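These notes concern the structure reproduced below.
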Amino acid sequence: MEKRSVENRRVVSGARTSVPIWPLSPPEVDPRARRLSIVEIGGPAAGIAAGWRAQAGGFLPEEQVSLLTAETADVPFLDRLREHLAQAEVGWRMLIAGPEAEVLAVQSEAIQAGAVPSEIASFVTGVAIRRIRCAHCRTLHRAELSPGDTYRCAGCGYLLLVHPHVSRLHGAYLGARADAEVAS
């Protein structure tokens, strides 16, 4: 995958975007939760998930707390997650810890299953890899890219610009043709 930085297009500091602003410390367990799903992705998330379990133990019976673990949000894990999400009911909450790309993938699945943002809280342990979705062919990429970078889409071959826009539904940054606004 070819990667280049675009000098003449910069993300303006303070500009309004849909890029999540991740909390600097893990969120607290919602004391109103009647059931809790904790998603732990990758090694650094283990301590965070353990803290959430201990916190939930103060007001939820153990059988009301589920722990789902994986190293990455790959297809087998996401299939297992979908089965788990099908059991969610009123009073359910989800806490997710892991790298940004994995957290966005899990959040996307939860939203597609009918969860609302107030039922989901996340803590990101790293942002090295991002998920980018091509607006032209819908190919999903995972790469070390940031908003403002360009890369060649493996699906359609267009040179794409990574935009400072994250789709909650797709759990990915927007990649659109880098030359889309250039007059021909």
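We did not get these values from a lab; they are worked out from the coordinates using the rules stated. All values derive from a computational prediction rather than experimental measurement. Cβ placement follows ideal geometry from the backbone for every residue including glycine, while neighbour counts extend to all protein chains displayed.
Here are the numbers:
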quantity	calculated
In segment 47-116, the chymotrypsin sites (Phe, Trp or Tyr not before Pro) that fall in loop regions by DSSP, at most 16 other Cβ within 10 Å	59
Within segment 101-164, GluC sites (Glu not before Pro) in DSSP loop having at most 16 other beta-carbon neighbours inside 10 Å	144
The chain, relative contact order in percent, only Cα pairs under 8 angstrom and at least six apart counted	25
Qualifying trypsin sites (Lys or Arg not before Pro) in segment 53-130, DSSP loop, other Cβ atoms within 10 Å at most 12	none
Relative exposure of 141, 84, judged by other C-beta atoms within 10 Å (fewest first)	84, 141
Unit charges on C-beta of K, R, D, E only; dipole of segment 115-184, Debye	200
Share, in percent, of DSSP beta bridges within segment 63-184 that are antiparallel, nearest 5	60
Most positive-pole-ward Cα, 64, 81, 114, against dipole of the chain from beta carbon charges	114
